[in-house]
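Heads up: the structure comes next, in structure tokens.
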Amino acid sequence: MRISSHDERRLSAALLRAYGMCEGDAETVAEAVTLSDMTGVYSHGLSRLTVYLRQLKCGALNGTPDLRVLREYEAAVSYDCDNGSGVAAADRVFDDVAGRAKKYGIAIGTGMHSANIGCGSYYALKGAKRDLITIMCCNTYLLMAPYGGVEPLLGTNPIVIGMPAGEERPVILDMATTLVAMGKVAYARRKNESIPDTWGKDENGAAVTDPNKVATLQPMAGYKGYGLAVMVDMLSAVLSGASFGREVGSLQRMEPENTGFCIIVIDPSKFMPIEEFKSRVDRYVRTMKDSRKAEGVEEIFMPGEIEQKQYDVSAKDGVEIGEALVSELEELAEKAGLAEKGERLQSIIERI
């Protein structure tokens, strides 16, 4: 089934509201979910939405959180996110930190009692549109073992860095510190496909190709990825007051995550005129892209460029979602009272 960005946002927001999420948070999460699918990052699109809905249903996510400031100074602020949506919480904290950065040049914000923050490029793009540099990280449900260990004590612990540009596209790095996000393993499970043996390990630390046997994900670049994951834990969990290690809630038991995040925003206009900065970014991008290519390579891409180009295509043509995911969404809609028994997803979308 093919779905447009407009219909995906409407469907996502309607489902989130039906499962108890407040109106404002539902709209924010729906926007981030849709962006993820439209940029080809399916691990945090509709497939991740189904997890959010189940978390809401069992109480692992608070649909009406009381987001409150714990401490604040001129250029620093920390929040308690009340176990609400990590996407909505990070979005609101980002807006606060961005305002402070515009005033002071740089600002930092943290959140505790949070949850999955979704598509990292969502925040980086917001920053780029405001001519701001965004640096962000968070810890997650436990999915990675320490290097040389077998017990999951670290998450996928993503790092996001976004740079505004002038005539070129913003440069956006959005990566897990594991080789892949767990959503990609879940996607392979849903499609009954095997995975590369570099993605995950079983409970004894042996590499596997069956996505159903994955107990832990492997770090990117071996011990280097592990090191990055540890420092993300330090910034996003230790600094914010959030849970880490064995204290993090279990996804299998559908417990609140109690994870944290850290957002740093820099205003480059405090260092030079903003148009000069964006012009320098453009020149940097062109230096990379216009450099001599290896044999067989047609184009050199900047971080985030492939995803942004995919968005241009998806915004016009929509995205294809598999039958297994369609069936799961239909079931969730029916359980929420949004659909009649056996009603197809397209019919549900047309009615909401």
* Within the stretch 85-98, is even one residue of a type in the set (A, V, I, L, M, F, W, C), in a helix (DSSP H, G or I), more than 30 Å from ARG189 (Cα to Cα) and in contact with a Leu (Cβ under 7 Å, 6 or more places away or on another chain)? -> yes
* Would you confirm whether any residue within the stretch 38-58 is open to solvent by less than 50 Å² (accessible area, probe 1.4 Å) and out of contact with any helix residue (DSSP H, G or I) (no Cβ under 8 Å at 6 or more places or on another chain)? => yes
* Sort out which residues of the stretch 285-296 are open to solvent by 50 Å² or more (accessible area, probe 1.4 Å) and in contact (Cβ under 8 Å) with a residue 40 or more places away in the chain, and write them in order of number. => ARG286
* Asked: Of all residues in the stretch 139-197, how many are farther than 16 Å from CYS119 by Cα, basic (Lys, Arg) and not in a loop (DSSP other than H, G, I, E, B)?
  -> 2
* Would you mind stating whether VAL281 is of a type in the set (A, V, I, L, M, F, W, C), within 22 Å of LYS126 (Cα to Cα) and either at pLDDT 95 or above or surrounded by 14 or more Cβ atoms within 10 Å (Cβ to Cβ) (or both)? => yes
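One line per residue, one yes/no per condition, for (1) under 11 Å from the mean Cα position of the chain (by Cα); (2) of a type in the set (A, V, I, L, M, F, W, C); (3) open to solvent by less than 40 Å² (accessible area, probe 1.4 Å):
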site	(1), (2), (3)
ILE106	no, yes, no
MET112	no, yes, yes
TYR123	yes, no, yes
LYS129	no, no, no
LEU132	no, yes, yes
MET144	no, yes, yes
LEU154	no, yes, yes
VAL160	yes, yes, yes
VAL171	no, yes, yes
* Structure fact -> Contact list, first residue from the stretch 181-200 and touching a residue at least 40 places away in the same chain (Cβ under 8 Å) and closer than 22 Å to GLU323 by Cβ, second anywhere and of a type in the set (D, E, K, R) and open to solvent by less than 90 Å² (accessible area, probe 1.4 Å), beta-carbon distance below 8 Å, six or more apart or interchain, is GLY183/ARG48
* Asked: Considering only the stretch 310-342, how many residues are closer than 24 Å to LYS191 by Cβ, out of contact with any Leu (no Cβ under 8 Å at 6 or more places or on another chain) and open to solvent by 20 Å² or more (accessible area, probe 1.4 Å)?
  -> 13
* Asked: What tally of residues in the stretch 243-257 results from selecting those that are surrounded by 18 or more Cβ atoms within 10 Å (Cβ to Cβ) and either over 20 Å from LEU143 (Cα atoms) or in contact with a helix residue (DSSP H, G or I) (Cβ under 7 Å, 6 or more places away or on another chain) (or both)?
  -> 2
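The values are calculated or read from the model by the stated rules, or taken from the named source; none is laboratory data. These numbers were taken from a predicted model, which means no experiment stands behind them. Positions of Cβ are generated from backbone atoms using ideal geometry, with glycine treated the same way; all protein chains shown enter the neighbour counts. Side chains included, ligands, DNA and RNA excluded: accessible areas come from the protein's heavy atoms. Shrake-Rupley method; radii C 1.70, N 1.55, O 1.52, S 1.80 Å.
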